[in-house]
1. Taking the chain as a Gaussian network, where each spring joins two C-alpha atoms under 10 Å apart, which residue of Ser37, Ser95, Ser249 fluctuates the most?
2. Order by neighbour count: Val298, Val268, Val31, Val215, fewest other Cβ atoms within 10 Å first, most last.
3. Of the DSSP beta bridges with both residues in segment 55-212, give the percent that are antiparallel, rounding to the nearest 5.
4. Tell me the label-point distance for the pair Glu79, Asp25, using the 7 Å Cα-to-Cβ offset, in nm and rounded to one decimal.
5. Please work out how much length the chain gains when fully extended from Asp69 to Cys291, using 0.36 nm per residue of separation minus the C-alpha to C-alpha distance, in nm with one decimal.
6. If you count the DSSP beta bridges with both ends in segment 213-345, what percent of them are antiparallel, to the nearest 5?
7. Once you place label points 7 Å from the Cα toward the Cβ at Ser95 and Lys168, how far apart are they in nm?
8. What is the distance in Å between the Cα centroid of segment 125-142 and that of segment 69-111?
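Read-outs throughout are calculated quantities, based only on the coordinates presented, and are distinct from any laboratory measurement. As the structure is a computational prediction, the values presented were derived from the model and not from experiment. Reconstructed Cβ throughout: ideal geometry from the backbone, glycine too, with neighbour counts over all protein chains shown.
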Amino acid sequence: MNKVLVTGGTGFIGSHVCLCLLEQDYEVHIVDSLINSSPNVVQKILEIKNLKTKIFEKDIFLHIGDIRDEKFLNQIFSENEFLSVIHLAGLKSVSESTENPLQYWEVNLGGSINLFKIMKKYCCKNLVFSSSATIYGNTDKKLIDENSEIKPINTYGETKASIENLLKNIYHSEEKEWKICNLRYFNPIGNHNSGLIGEKPSYPPNNLFPYLNLVASGIKEKLLIFGNDWPTEDGTGVRDYIHVMDLASGHIAAMKYLMSNKPRILNVNLGTGKGTSVLKLVKTFEEVNKCKIPYEFVSRRTGDVARTVADINLANKIFDWFPERNISDMCIDGWKWKNFGHVSI
Ligand code: NAD
Ligand code: UD1
């Protein structure tokens, strides 16, 4: 038995996680409603894997459906015995979550409850969950460790924090059985260096990196930088950007750690431990991709903070996991994915 279930496996992060699993000889089963991804992703993942290994057997399966659909999940679990579940399916837009909280609670929390119920029913009690650094409250700490205060300031963050709470309750109800790891991602960017898989663009994008791509491609005239008066090196916001391939390998490391250890629940940051300012990211992007990014400073964005950088000592220590790619790699690989969706160039 080497089957792993990946919810949200055709999405941005999920597709990279699936690729890493395949490269380590797991049989991958994806559950995805395709609300924010395409079924073609499976073919692209196989293309990348086959280029490297030249092995063409069928070892990835896409089950199209919604994690809120209990019957659908029941069917999959009744036909397959999974080693572990990596749960990434969910909605992730901060602004949308504020406008439509019911939908976010229903999908993120409701869908997760459904999944955990079925996992319990079929005694599949190994889980890696996609959490987010957005659950941490504002802090002056130079590096944010896992014991920092949990105080989300938006609906999306609240759904993530609540799922973590629920998982704590589930773990304590059966402490000898569940193995759970909440991975708190910092800022994932970049793509697989083939340029074949990447993030489905939302338009206009809320996040910095997809916006950089649009400016570099000429679709957007300039980047608006939200504030140059932050208490940081150059006055612009500092974040901990992590290459999505390093993030993906962190999931495999977490899953393997859980499988080879006693039941437990863990919260683990995945970042690089290094901060990069908006201006530094812009300059690096220009340099490595040989392009110009016009920008203008505007006022701060509501809800922003000056700096969020992860303390990644725990992941280093227990998973023996270390991110390998730097900001230049992220900018090069991130620019290779030029899928601007419905946006006309
Ligand atoms: P994504 O939107 O690319 O992937 C999510 C996938 O889940 C999509 O393929 C979507 O179709 C699927 N999905 C959504 N609702 C579903 C449902 N009800 N049933 C089945 N499938 C459903 O997003 P991503 O960036 O890959 O994020 C993956 C996970 O990581 C999410 O849970 C997100 O909250 C979390 N996360 C993302 C970031 C980030 O910056 N991208 C940061 C922190 C945490
Ligand atoms: C944002 C969300 C966070 C979410 C994360 C991943 C907010 C306040 N925070 O985090 O909850 O978990 O995305 O989806 O929305 N910037 C610009 N111009 C832009 C876009 C961004 O200057 O057009 C700056 C921001 O001010 C910030 C940095 O770039 O300093 C990174 O922004 P972004 O990519 O949106 O990530 P976060 O703010 O970390």
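1. Ser95
2. Val298, Val215, Val268, Val31
3. Antiparallel bridges make up about 10 percent of those DSSP assigns within segment 55-212.
4. For Glu79 paired with Asp25, the spin-label model returns 2.6 nm.
5. Stretched out fully, the Asp69 to Cys291 stretch lengthens by 75.3 nm.
6. 25
7. For Ser95 paired with Lys168, the spin-label model returns 3.3 nm.
8. Rounded to whole Å, the Cα centres lie 18 Å apart.
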